[in-house]
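Enquirer: Just passing along the structure, written as structure tokens.
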Amino acid sequence: MEFWANVCCLFILFKVASSMTSQCYNEPSDVIITREQPLLLHCLQPDSCSDITSADVTSQTVTWMKDGDVIPFNNIFGRRSLLGNGSLLVREPVNRVGASDSGFYSCHVKHDSVIFQSRVAHVVVGVLGSFTKQPKSVSCTAGATVRLACKPSNAEPKPVISWFRNNSFIGNNSIMTSQANNTIVLPNDELEVCATMDDVGEYYCVASNIARVRKSSKVRLTLYKGDDV
């Protein structure tokens with residue numbers, strides 16, 4: 001009984017020590033940023049721990065990983081800098097980041113013989129390229145089904161695609177609204193219209209995410225009589 005009591009006590013002490021140690025670290029968080037922002041990921045936060053001194057901080061070794069590879073640090077004025085508190089700062093010469101900075105980051109802290117590994121944080125640098133597909137003007141008979149395309153390139157995160165007719169909002173790919181059961185935004189972001197006289201007009205789409213907003217060219221949907229084909 002005495003043996004198991006000692007084992008139990010050791011287990012409790014280990015759990016308490018582990019809990020206290022984990023509170024000394026501030027793990028990196030998932031983040032979505034624009035190219036105009038610097039990237040700052042935290043790893044250490046020793047000020048929150050009464051049992052860690054400044055001497056302990058200087059004796060710790062911090063390593064940052066991106067997509068499984070070690071991040072090299074040249075100096076504090078480099079593009080990627082390891083700050084004194086263990087945080088990672090990524091910036092262009094004008095405090096910007098690039099699309100190549102998107103990825104999965106984690107930090108590893110070695111203190112004496114103990115190694116702490118953080119969670120893996122997903123970093124997304126927002127980007128929204130020009131359109132690879134835009135709507136085109138179309139003429140059809142009443143009752144015909146037409147589709148208008150809208151697709152930007154290099155979009156991260158996934159943009160909201162909104163559709164407009166005669167400058168009035170129809171719907172988008174997140175709300176999936178329809179009007180009179182004859183107009184709907186499809187899962188591929190195309191606008192499907194079962195054409196009637198009410199649908200005649202000028203159409204365009206707007207793509208937007210954290211990076212920017214892009215508006216397509218305006219096109220027209222017109223109807224003609226069957227004998228005009």
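Enquirer: So is Pro46 surrounded by fewer than 16 Cβ atoms within 10 Å (Cβ to Cβ), at pLDDT below 95 and farther than 30 Å from Asn173 by Cβ or not? Break it down stepwise before answering.
Expert: Values: surrounded by fewer than 16 Cβ atoms within 10 Å (Cβ to Cβ): no; at pLDDT below 95: yes; farther than 30 Å from Asn173 by Cβ: yes.
No.
Enquirer: Now a separate question. Considering only segment 112-119, I want to know if a residue exists there that is within 17 Å of Val193 (Cβ to Cβ), surrounded by 12 or more Cβ atoms within 10 Å (Cβ to Cβ) and in contact (Cβ under 8 Å) with a residue 12 or more places away in the chain.
Expert: Looking for residues that are within 17 Å of Val193 (Cβ to Cβ), surrounded by 12 or more Cβ atoms within 10 Å (Cβ to Cβ) and in contact (Cβ under 8 Å) with a residue 12 or more places away in the chain, one finds none in segment 112-119, hence no.
Residues checked against (1) among the small types (Gly, Ala, Ser); (2) free of Cβ contacts under 8 Å to residues at least 24 places away in the same chain:
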| site | (1), (2) |
| --- | --- |
| Lys136 | no, no |
| Thr141 | no, no |
| Cys150 | no, no |
| Pro157 | no, no |
| Ser162 | yes, no |
| Ile170 | no, yes |
| Thr183 | no, yes |
| Leu186 | no, no |
| Cys205 | no, no |
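Enquirer: Going by what's in this entry, would Lys133 be described as of a type outside the set (Gly, Ala, Ser) and at pLDDT 90 or above?
Expert: Working: of a type outside the set (Gly, Ala, Ser): yes; at pLDDT 90 or above: yes.
When the stated conditions are applied, Lys133 passes them.
The values are calculated or read from the model by the stated rules, or taken from the named source; none is laboratory data. The shown structure was predicted, so the numbers you read here are calculated from the model rather than taken from an experiment. Here the Cβ is made from the backbone with ideal geometry for all residues, glycine too, and neighbour counts use every protein chain on show.
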